[in-house]
Amino acid sequence: MSILANKDTYVVIQGGVAGVNAARRMAEFCYLIKRSLNVLAFVYPPDAGKTNEIPYGSGLVAVPIYKTIAEATHNHPQINTSLVYIGADRAMKGGMEALDDSHIKVVSMITEGVPEKDAKILGAHARKLGKVFNGPSSIGIVSAGSCRLGVIGGAFDNLVLSKLYREGSFGVITKSGGLSNEIIWICSQFADGITTAIGIGGDAYPGTDYVSYLEMFENDPQTKAVVIVGEMGGDLEERAAEWYGAKKRRTKLIAVVSGFCQESLPKGMKFGHAGAKEGLKGEGSARSKSDALKKAGAIVPATFGALGPAIKEAYQELLKSGQVKEPVEPAVLPKLPKTIEEAMKADEVMVAPLIRTTISDDRGDEPCYDGYPASELINKGYEIPHVVGLLWDKRLISKQEAEIIKRIMMLSADHGPCVSGALGTIIAACAGIGMSQSVAAGLIMIGPRFGGAVTDAGRYFKYAVDNKLSVDDFLAYMKKNVGPVPGIGHRVKSLRNPDKRVKELVGYVKSLNIKTPCLDFALAVEKVTSVKKDNLILNVDGTMAAVLVDIGFPVDSLNGFFILSRTIGLIGHWVDQKRQDSRLIRLFDYLVNYAAPKRREVPPLK
Amino acid sequence: MAKVLEGPGMGLMKKWGITVPHYVVVTSVDELTRLGQANEWLKKSKLVVKAHEALGSRFKLGLVKVNLDLPAAEAATKEMIGRLVGSITVSQVIVSEMIPHKEEYYCAVKSTREGTDVLVANCGGIEVESNWDRVKRLALEVGQQPAAEAFERLAKDAGFTGSLVKKMADFAGKMFACFDNEDAQYLEVNPVVLREQDSELIALDAVTLLDGDAKFRHPDWNFAFAAEFGRAYSRHEMEVMAVDSKIKGSVKFIEIPGGDTAMLPAGGGASVYYSDAVVARGGKLANYAEYSGDPPDWAVEVLTDKVCSLPGIKNIIVGGAIANFTDVKKTFGGIINGFRKAQSEGKLKGVKIWVRRGGPREKEGLDAMRALKNEGFDINVFDRNTPLTDIVDMALQK
């Protein structure tokens, strides 16, 4: 047996994230004792109608979220307990709602910093209704082998170490949340473990005090002794002493009280929990409390350290008198399934990676590009073209190469609003579409006829150079196998109206005294083709392609230089339209050659 | 509990209809002079000047001056402002009118587990301390709103007669209203005096303790709470408080001058047991500290930094029970960073560190602490199998 929480306890949790975390801990306990999840519902108005997915073993349990306690208990009439994880300013309302629901018999409030007045009103209301209000600031309640309410008991491993999977003979009542676990652990090591452990909260006026719980333990035949961890301040320990001393009690009482250090502290200095304040007239000191408990017949170890041996002695007496028997430990306990990360850390599982990367890694405190930390690149004077080199070709390019790339980017960043890409972006922007979609609308225009010839131009010029083809052989090869030469030809520019961008780029590269076999070949091709037709000149795509191949970039990366550069322009066009708050546009009829058949009669459907 | 100084405390009483003497809180003589020109009472009444700080025994310290006219009050103000008392510099004084009276009474309201006690006595001042049996009590249940007759019975019970019964009942009723509506935890007026000129009851001196947790529903609490120790908070204490106010979980730090055992334990409950153990072993605490509720590691690092900066420490007790949900690895990470920083600043020379802890990721956390040995720290690390406060016994073994 146990008190307050048992096999028949079903729970609604009031609150958000903290409540969900508690539910996870409770699910771990349920899994350990092979009980289905005892959290049946959440009440959290912002998420009402959704579910919280709570891991249970290796699966997930969907727990519904309701707007009100009434809805929760209507849908799950087994609910008899509520845990309150609502913020201090709304906790009182939530606690009242739970207490006033006829299904709910126990309300435990975890919220800290609840006004004292609110806590007193909740406590008084519960007593009037004959219900239990535990807390505020409670760490929770746990009955070994049957029910956990809240995070009390800690991590799964600790539940096992503290033998919370089966009943012992010791009840525990503490104000301190941290010490509750310590006492549960001590009871499991120096004795046979606990029946129920209750965190009553460290506030000045806990909703339910030691005496009420002592009475419950006294009436629980499984509980043979109760351990109280007290604190200076208030009179809860004195009241417990008074109760214990009032008549012969079946249960042994073991108690420690903290706050002796107060005696040697500077006057007026106080610390610890909110409730740990000595009374204004000096009552409630650790010494007066422990004296009262001793006088009432409780076992009061001199220090916290002596608690373990005291519990052991009490347990040995219980064994000797036959009131308890040595517990039988279960042969096998469920093991909590590990997450992939935990299992990998423990070298228990091997996972085949889904993707492989060779260029970057941002798992540390900053991204590394091909192994080089971004900040170090910045501080050592590297620039955007070097990052392009690292991420596209996995090499640190030279200053000179970087300068070439920079110039290519500057020359290709934009080409006015009329070209396919910019027009696509502008139309989208005018239709009110967002930046990434509008820019994408422009980018998808890049292909064989617009800006997308760089890769192919590079590929064929390189083929010719690698295979030492003459210009004539090359043109013959292209005519036979490919068609028009990518990188050659322009819609408006010609020999007489040359493309200044090409001139600029060729002039710069030529001034550098580097080997440019591809560029040389491309210029040789232009010489032949432009004689045949005035506009068959080396265009900017072809020039970029030849230069980039010459400085070592792989053919497959070449279109990227145009895409990257032009993205700058496309973003500019989108922002430009946005700034002007441009209206939706459509083509004028006179810009369309309507070549469809004239209006005619629709024949009857056959 | 949050202590409130006299000025704001009297303000709250006035709000609930309790008559208080005229008063002003000033930070300079000029301010008082200016107010003196605008307020008749400052010119006409005899005045009391008191240092408006959280200081005990102000009478003994000469920080209360009575029976002054305005020029004398200005002189007293000039003398008090800027005076350094312990670690507190007097920055404000409260100047109030003296109330000519013959009779002094007592009235207090305090929180009890069952509800509220209203206390009344027909003696006041220091007399009430030695005549505690004359203090009569009206015990009210939680939520109970007593009728006027209940207060009248209390006043009669305390020995008031004639027209004073109704006056005292009325006064106590207003005290209760103030207590109940202002989320007070303790209100005491001693003495309540009977003003000679109009026989009205006046609250002459008041102690006001409010529930700091209820601040969210009192937008008019525009005053700061006073330190409860009778001394100002130190810079390090205030820095930790500033961190505490903006994190999930909590970090707490109080300095105790002259100690040599520094405390860095986890948990509001365990931390006091650790302090008890130090005192029981004859050690001298250099501070109180505590972190709990799974605080972020950087907050624990700030706390560690302050602990390591305590002067003259020989041991640091990094104690803790078996945590429920505080991540031991993460919070220890903050402590370790703090230790490393302190070491690089030349602190922690000859300081022994003692660690005991359990809870989520305890193994990883304790292993990380143990590894500090390789970095030249004098550190001893124990797990849950060593009882809670044994590290204090080991640290303080002669």
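Separation of the alpha carbons by more than 23 angstrom is noted, of B:LYS3/B:LYS78; A:LYS493/A:LYS533; A:LYS50/A:LYS120, for B:LYS3/B:LYS78; A:LYS50/A:LYS120. Can you bin segment B:235-395 into rounded, prolate or oblate? Criterion: square roots of the alpha carbon gyration tensor eigenvalues sorted a ≥ b ≥ c, rounded for a/c under 1.5, prolate for a/b above b/c, oblate for the rest. It is rounded, given that a/c, with a ≥ b ≥ c, falls under 1.5.
Rounded to the nearest 20, the Cβ-based charge dipole of segment B:273-359 about its Cα centre (Lys and Arg +1, Asp and Glu -1) stands at 460 debye. At q = 0.17, 0.19, 0.20, 0.26 Å⁻¹, what base-10 log of I(q)/I(0) does the Debye formula yield for segment A:487-580 when every alpha carbon is treated as an equal point scatterer in vacuo? Log10 of I(q)/I(0), two decimals: -0.80, -0.93, -0.99, -1.30. The distance separating the Cα centre of segment A:66-122 from that of segment B:1-67 comes to 45 Å. Of all DSSP bridge pairs formed entirely within chain B, close to 75 percent run antiparallel.
Fewest neighbouring Cβ atoms within 10 Å first, the residues A:THR529, B:THR19, B:THR89 line up as B:THR89, B:THR19, A:THR529. Around the amide H of A:LYS252, modelled in the peptide plane, lie the amide H atoms of A:ALA225, A:VAL226, all under 5 Å away and 5 or more residues distant in sequence or on another chain. The Rg/Rh ratio of segment A:141-181, with both radii computed over alpha carbons and Rh defined as the Kirkwood radius, is 0.91.
In chain B, the longest principal axis of the Cα atoms and the axis of helix B:328-344 are about 90 degrees apart. Using only the Cα atoms of segment A:1-109, build the gyration tensor, take square roots of its eigenvalues as a ≥ b ≥ c, and label the shape rounded, prolate or oblate: rounded if a/c is under 1.5, else prolate if a/b is larger than b/c, else oblate. The shape class here is oblate.
Relative contact order, whole percent, for chain A stands at 9, derived from Cα pairs under 8 Å and 6 or more residues apart.
What percent does the relative contact order of segment B:235-395 come to when contacts are Cα pairs within less than 8 Å and at least six residues apart? Mind dumping the intermediate values first?
Values: 357 pairs, mean separation 36.9, N = 161.
Reported as a whole number, the value is 23 percent.
When the charge dipole of segment B:101-217 is built from unit charges on Cβ atoms (+1 for Lys and Arg, -1 for Asp and Glu) and taken about the Cα centre, the candidate among B:VAL207, B:LEU140, B:SER111 whose Cα reaches farthest toward its positive end is B:LEU140.
Ranked for footprinting exposure by Cβ neighbours inside 10 Å, fewest first, A:LEU391, B:LEU154 give A:LEU391, B:LEU154.
Add -39500 (n - 2.57) for each DSSP H run of 4 or more in chain A, then divide by its residues: what number comes out at 222 nm, to the nearest 500 deg cm²/dmol?
Numbers: 22 runs with 251 residues, N = 606.
Dividing the helical sum by the residues of chain A leaves -12500 deg cm²/dmol.
Between the amide H of A:GLU231 and those of A:SER258, distances stay under 5 Å, these residues lying 5 or more places away or on another chain, with hydrogens modeled in the peptide plane.
What angle do you read, to the nearest 10 degrees and between 0 and 90, between the alpha-carbon axis of helix B:297-308 and the longest principal axis of chain B? Once rounded, one gets 80 degrees. Ordering B:LEU303, B:PRO21, B:ALA121 by Cα displacement along the dipole of chain B toward the positive end leaves B:LEU303 in first place; charges were set at the Cβ atoms of Lys, Arg (+1) and Asp, Glu (-1).
About its Cα centre, how strong a charge dipole does segment B:235-395 have in debye, to the nearest 20, once Lys and Arg get +1 and Asp and Glu get -1 at the Cβ? Don't jump to the answer; show the numbers that get you there.
Numbers: 22 positive and 21 negative charges, 43 e Å.
The calculated dipole for segment B:235-395 is roughly 200 debye.
Against chain A, whose longest principal axis comes from its Cα atoms, helix A:454-466 is set at around 60 degrees.
Under 5 Å from the amide H of B:ILE353 lie the amide H atoms of B:ILE316, B:ASP378, B:ILE379, B:ASN380, each residue being 5 or more positions distant or on a separate chain, with H modelled from the backbone and absent for Pro and chain starts. Rounded to whole numbers, the Karplus 3J(HN,Hα) couplings from phi for segment B:120-130 are 9, 9, 8, 10, x, x, 6, 4, 5, 4, 8 Hz, using 6.51 cos²θ - 1.76 cosθ + 1.60 with θ = phi - 60°, and x at Gly and Pro.
To the nearest whole percent, what portion of all C-alpha pairs in segment B:22-97 is separated by more than 19 angstrom? Each step should come with its number before you reach the end.
Working: 718 of 2850 pairs.
When every Cα pair of segment B:22-97 is considered, 25 percent fall beyond 19 Å.
Listed by chain and number, the aspartates and glutamates placed with their C-alpha closer than 19 angstrom to that of A:LYS93 are A:ASP47, A:GLU71, A:ASP101, A:GLU112, A:GLU116, A:ASP118, A:ASP203, B:ASP180, B:GLU182, B:ASP183, B:ASP211, B:ASP213; residues fewer than eight positions away on the same chain are left out.
Treat every Asp and Glu Cβ in segment B:22-97 as -1 and every Lys and Arg Cβ as +1, leave all other atoms uncharged, and give the resulting dipole magnitude about the Cα centre to the nearest 20 debye. Write down the numbers at each step before the final one.
On the way: 10 positive and 8 negative charges, 47 e Å.
Magnitude of the dipole: close to 220 debye.
Since only A:ILE514, A:ALA402, A:SER137 are under comparison, the one whose Cα sits farthest along the positive direction of the charge dipole of chain A, derived from C-beta charges on Lys, Arg, Asp and Glu, is A:ILE514. Coupling constants for segment A:154-163 follow from the phi torsions by the Karplus curve (6.51 cos²θ - 1.76 cosθ + 1.60, θ = phi - 60°), and in residue order they are x, 6, 4, 4, 5, 4, 5, 4, 8, 6 Hz; glycine and proline get x.
To check you understand DSSP bridge types, tell me what percent of the beta bridges within the protein assembly as shown (both residues inside) are antiparallel, rounded to 5. Can you show the working numbers first?
Values: 70 of 120 bridges.
Around 60 percent antiparallel, to the nearest 5.
For segment B:247-259, putting each phi into the Karplus relation 6.51 cos²θ - 1.76 cosθ + 1.60 with θ = phi - 60° gives couplings of 10, 6, x, 8, 10, 10, 7, 9, 8, 10, x, x, x Hz, in residue order, rounded to whole numbers and with x for Gly and Pro. Taking chymotrypsin sites (Phe, Trp or Tyr not before Pro) as exposed when their DSSP state is a loop state and no more than 15 other Cβ atoms lie within 10 Å, the longest site-free interval of chain A runs over A:1-587.
Share of pairwise Cα-Cα distances greater than 38 Å in chain B is 39 percent (whole percent). Pairs spanning more than 22 Å between alpha-carbon atoms, out of A:LYS462/A:LYS510; A:LYS67/A:LYS338; A:LYS34/A:LYS163; A:LYS224/A:LYS295; A:LYS399/A:LYS527; A:LYS399/A:LYS500: A:LYS67/A:LYS338; A:LYS399/A:LYS527; A:LYS399/A:LYS500. Under the Kirkwood approximation for Rh and a Cα-based Rg, what ratio Rg/Rh is obtained for the protein assembly as shown? Over the Cα atoms of the protein assembly as shown, Rg/Rh equals 1.13.
When only Cα pairs under 8 Å and 6 or more residues apart are kept, what is the percent relative contact order across chain B?
Details: 818 pairs, mean separation 51.5, N = 398.
Taking the mean separation of contacting Cα pairs over the length of chain B, I get 13 percent.
Here segment B:93-188 is described by how far its Cα atoms reach on the three principal axes: 38, 37, 25 Å, from widest to narrowest.
None of the figures in this text is laboratory data; all of them are computed from the coordinates on show. Keep in mind the model is a prediction, meaning the values are calculated, not measured. As a convention, Cβ positions derive from the backbone with ideal geometry for all residues, glycine included, and neighbour counts pool all protein chains shown.
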